[in-house]
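The values are calculated or read from the model by the stated rules, or taken from the named source; none is laboratory data. Every value quoted in this text rests on a predicted model; they were computed, and no experiment measured them. As a convention, Cβ positions derive from the backbone with ideal geometry for all residues, glycine included, and neighbour counts pool all protein chains shown.
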């Protein structure tokens, strides 16, 4: 199946005064149903629960208090899913609610379980509607915005495309709401610092993101071999037209080489618990030799981590060159760093592996 992920922000579905826009949701459901009829398996990443809850609770602005935000999400999530149930039901389609936290991606077992559940739903022709589990999310586990969540979901389901529905036409040379000289950028082959700067920082009264967060999400996705489109979510039929080959909004072209499912998880799903500082020989071996990381190449480390945790590898200039799953804890590496492989067992009293990070569990950034 041709899998795509469609991300819909709060500013498309709701506002702080009126709550959910059920007509817009119904229109989106109609478009997604047509995509299914065209042979696409579609996953929705949808905001809107907090905005819907704000209306029910009589709140005039986004809650800053964590408990109040969680309460608003709990109150609003049922309304959001009811609107999707009704909208898709009009076209004979079914939906499923899936609420995720950051830990569902960083934990390998939960990551695989989530993938299997989503694939099963898609095989049955059901549209998964994914949102962050705001009712339990805390600073340690929250995504921050659903743009980031959508890029992770796109990698999780091995999508060929991520379509982000925005309240503007796409990425422009300047903020079109502030400058009449803003020009739409139709294609982006590489997301440079200049592209990031042009995105600004913005956000809406009910949303948490802005164009900048969309650019960062696109950067992760294209590096994972996924094409990203940012188009207007206010116009019906655009996404159908886009997938029929017409040009709309801004397209970020995917890198030619796609990461494997496990590599994608290591780079984007797993949460790094520490950093290994490498000497020049180890840097060269990782970047150009396709080698594993041996104890002799580690100069120092930062952080406290255990066997099986993800860590970054940096060079002498503190530049991240790789990320991988370590075979040893930070306490063990402190003892064996800079030493030969043959000395590991003598120093520690045991030896899990010859390598600190095996090349199969390491991805060059």
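Numbers below:
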{"item": "Residue within the stretch 58-65 that is assigned to a helix (DSSP H, G or I) and in the same structural domain as residue 158 (by TED's automatic domain parsing) present", "result": "no"}
{"item": "The stretch 218-242, residues that are touching a strand residue (DSSP E or B) at 6+ places or on another chain (Cβ under 7 Å) and surrounded by 20 or more Cβ atoms within 10 Å (Cβ to Cβ)", "result": "218, 221, 222, 226, 228, 229, 230, 231, 233, 238, 239"}
{"item": "Residue match in the stretch 175-190 (condition: modelled with pLDDT of 95 or more, surrounded by fewer than 20 Cβ atoms within 10 Å (Cβ to Cβ) and either in a helix (DSSP H, G or I) or under 22 Å from the mean Cα position of the chain (by Cα) (or both))", "result": "no"}
{"item": "Strands (runs of 3 or more DSSP E) enclosed by the stretch 232-346 - at least 3 residues per element that are in contact (Cβ under 8 Å) with a residue 60 or more places away in the chain", "result": "250-252"}
{"item": "Test result for residue 282, more than 29 Å from residue 53 (Cβ to Cβ) and in the same structural domain as residue 110 (by TED's automatic domain parsing)", "result": "no"}
{"item": "Test: residue in the stretch 244-255 that is modelled with pLDDT under 90 and on the phi > 0 side of the Ramachandran plot", "result": "no"}
{"item": "Long-range neighbours under 9 Å by Cβ, at least six apart or interchain, first residue not assigned by TED's automatic domain parsing to the domain that holds residue 131 within the stretch 145-163, second modelled with pLDDT of 95 or more and surrounded by fewer than 24 Cβ atoms within 10 Å (Cβ to Cβ)", "result": "none"}
{"item": "Unmet requirement for residue 106, which otherwise passes all of (1) within 30 Å of residue 263 (Cα to Cα); (2) modelled with pLDDT of 95 or more", "result": "(2)"}
{"item": "One residue from 97, 77, 70 being in contact with a strand residue (DSSP E or B) (Cβ under 9 Å, 6 or more places away or on another chain), under 30 Å from residue 267 (Cα atoms) and either touching a residue at least 24 places away in the same chain (Cβ under 8 Å) or assigned by TED's automatic domain parsing to the domain that holds residue 28 (or both)", "result": "97"}
{"item": "Test set (1) modelled with pLDDT of 95 or more; (2) within 28 Å of residue 115 (Cα to Cα) - residue 276 fails condition number", "result": "(2)"}
{"item": "Residue in the stretch 18-28 that is in a loop (DSSP other than H, G, I, E, B), more than 14 Å from residue 239 (Cα to Cα) and in contact with a strand residue (DSSP E or B) (Cβ under 7 Å, 6 or more places away or on another chain) present", "result": "yes"}
{"item": "Count of the stretch 347-357 residues which are assigned to a loop (DSSP other than H, G, I, E, B) and more than 18 Å from residue 282 (Cα to Cα)", "result": "4"}
{"item": "Test set (1) buried (at least 17 other Cβ atoms within 10 Å of the Cβ); (2) modelled with pLDDT under 95 - residue 193 fails condition number", "result": "(1)"}
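Results for (1) within 17 Å of the chain's Cα centre (by Cα); (2) under 21 Å from residue 8 (Cα atoms), shown as yes or no for each residue.
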site: 236; (1), (2): no, yes
site: 241; (1), (2): no, yes
site: 247; (1), (2): no, yes
site: 251; (1), (2): no, yes
site: 256; (1), (2): no, no
site: 261; (1), (2): yes, no
site: 271; (1), (2): yes, no
site: 275; (1), (2): no, no
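Here's the yes/no breakdown for (1) modelled with pLDDT of 95 or more; (2) within 30 Å of residue 244 (Cα to Cα); (3) outside any helix (DSSP H, G or I):
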site	(1), (2), (3)
31	yes, yes, no
67	no, no, no
79	no, no, no
83	no, yes, no
